[in-house]
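Read the structure below first, then the notes.
Just so you know, all these numbers are worked out from the coordinates, no wet-lab data involved. Since this is a predicted model, take the numbers as computed values, not measurements. All Cβ positions, even for glycine, are placed from backbone atoms using ideal geometry, and neighbour counts span all protein chains on display.
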Amino acid sequence: MNILDIEDLSFSYGGGRKGETPHPVLSGLSFSIREGESVGLAGANGAGKSTLLKLICGLLEPSGGRIFVSGIPVRKDTLGAVRKELGYVFQDADNQLFTATVHDDVAFAPRNYGYSPAETEAAVDRALQAVRLEALKDRPVYRLSGGEKKLASIATVLAVDSRIILMDEPTVALDPRNRRTLMGIVNSLPCAKLIASHDLDFIYDTCPRTLLLSGGKAAFFGPTQEVLRNRELLEANGLELPLSFSRT
Ligand SMILES: Nc1ncnc2c1ncn2[C@@H]1O[C@H](COP(=O)(O)OP(=O)(O)OP(=O)(O)O)[C@@H](O)[C@H]1O
Ligand SMILES: [Mg+2]
């Protein structure tokens, strides 16, 4: 079974007000992700990666086409059910963290899912341990470094079980050790993942398949090895061969 189906998806920003020109971002995009599969989402700045992730979790509404998460159509009236299936790590951690302390942010989802207080505390401890932030549990969020904020926002998603996790630039601001830790976490999570990143080496190490977004469509969707080794394809779509491949 597929965990995600995108059918003929189109989206434009603006155009709602009279005289405003719409800015098309996605046009006729179709692809599916299988249960438990990890897919990389590559594309130049402005290609529409973040927009696509926001459409999948219902933060934006498509201009055309359909999105299914676990077979549930993503619509206003199904958002509650859809959000139970998915976790979403924002590109900007400040959009994700909104309570007073790291603990409360990570506890938010388990509480919302109806975990008991003891289950919630256990889930928070587990998630913070995974990203090695236990020591910062009671720290106000505004007093975290950029990388710590990113790790805390990843922990908020790890605190509950999701069937698919959407990650937007998860490695930005992480130091090499934490980036490696995150790689281990991603590779050990059994759920499906869709990971938008300019860190093509990270995609290479975590995602067997990659979708290359360009001109509102999939310029390529297939084995990560094939796209990341294909200089012409990458350059034609505004990207470059990852350093680790250009050396060989
Ligand atoms: N709220 C908005 N209103 C209008 N246009 C927007 C809005 N957000 C994004 N855009 C435009 O939509 C296009 C796609 O943006 P998006 O953020 O999805 O790109 P991206 O692939 O995530 O880029 P990046 O790699 O820089 O994160 C860009 O041209 C951007 O300028
Ligand atoms: Mg983005």
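In the chain, helical runs assigned H by DSSP with n ≥ 4 each contribute -39500 (n - 2.57); averaged across all residues and rounded to the nearest 500, the mean residue ellipticity at 222 nm is -10000 deg cm²/dmol. Taking only C-alpha pairs under 8 Å that are 6+ residues apart, what is the relative contact order of the chain in percent? Relative contact order for the chain comes out at 25 percent.
If you stretched the chain out fully between Tyr13 and Ser32, how much longer would it get, using 0.36 nm times the residue separation minus the C-alpha to C-alpha distance?
Full-extension gain reported as 4.5 nm.
Radius of gyration over Kirkwood radius for the chain, both on Cα atoms: the Rg/Rh ratio is 0.97.
What is the dipole size for the range 147-224, taken about its Cα centre, with +1 at each Lys and Arg Cβ and -1 at each Asp and Glu Cβ, in debye to the nearest 20?
That gives a dipole near 140 debye.
Contact order, relative form, for the range 1-147: 19 percent (alpha carbon pairs under 8 Å, 6 or more residues apart, mean separation divided by residue count). Once the Cα atoms are used to define both axes, helix 102-112 deviates from the longest principal axis of the chain by about 80 degrees. For the chain, the longest principal axis of the alpha carbon atoms and the long axis of helix 117-130 meet at an angle near 60°. Taking the DSSP beta bridges with both ends in the chain, the antiparallel portion is around 55 percent.
Between the range 40-71 and the range 204-248, the alpha-carbon centres lie 19 Å apart.
Is the shape of the range 43-143 best called rounded, prolate or oblate, per the rule: a/c under 1.5 gives rounded, else a/b larger than b/c gives prolate, else oblate, with a ≥ b ≥ c the square roots of the Cα gyration tensor eigenvalues? Since a/c reaches 1.5 but b/c is at least a/b, the shape of the range 43-143 is classed as oblate.
In a simple Cβ point-charge model (Lys, Arg +1; Asp, Glu -1; nothing else charged), the chain has a dipole of about 120 debye relative to its Cα centre.
Of Leu97, Tyr113, Pro190, whose Cα points farthest to the positive end of the dipole of the chain (charges on the beta-carbon: +1 Lys, Arg; -1 Asp, Glu; origin at the Cα centre)? Farthest towards the positive pole: Leu97. Of the beta bridges in the range 123-231, as assigned by DSSP with both residues counted there, near 55 percent are antiparallel.
Given +1 at the Cβ of Lys and Arg, -1 at the Cβ of Asp and Glu and no other charges, the dipole of the range 172-214 around its Cα centre is 120 debye to the nearest 20. The trypsin sites (Lys or Arg not before Pro) of the range 153-248 that DSSP puts in a loop, and whose beta carbon has at most 12 other beta carbons within 10 Å, are Arg247. Taking 0.36 nm per residue of separation and subtracting the Cα-Cα distance, full extension of the segment from Glu119 to His23 would add 30.0 nm. Among Gly147, Asn2, Gly15, whose Cα sits farthest toward the positive end of the charge dipole of the chain (+1 at Cβ of Lys/Arg, -1 at Cβ of Asp/Glu, about the Cα centre)? My answer, from the dipole projection, is Gly15. For helix 176-188, what angle does its Cα long axis make with the longest principal axis of the chain, in degrees from 0 to 90 and rounded to 10? Roughly 80 degrees, rounded to the nearest 10. Placing a pseudo-label 7 Å from each Cα along the Cα-to-Cβ vector at Val172 and His198 gives an inter-label distance of 0.8 nm.
Provide the FRET efficiency to the nearest 0.05 for the Ala81-Glu240 pair, computing r from the beta carbons and using R0 = 41 Å. Approximately 0.50, to the nearest 0.05.
Within the straight-line cut-off of under 28 Å between alpha carbons, the lysines reachable from Lys150 are Lys49, Lys54, Lys84, Lys137, Lys193, sequence neighbours fewer than 8 places apart in one chain being disregarded.
In the range 1-83, which trypsin sites (Lys or Arg not before Pro) are in a loop and have at most 14 other Cβ atoms within 10 Å, using DSSP for the loop call?
Qualifying residues, ordered by number: Arg17, Lys18, Arg75.
Among Ser153, Ser162, Ser145, the residue with the largest mean-square fluctuation in a Gaussian network model of the chain, with springs joining Cα atoms closer than 10 Å, is Ser145.
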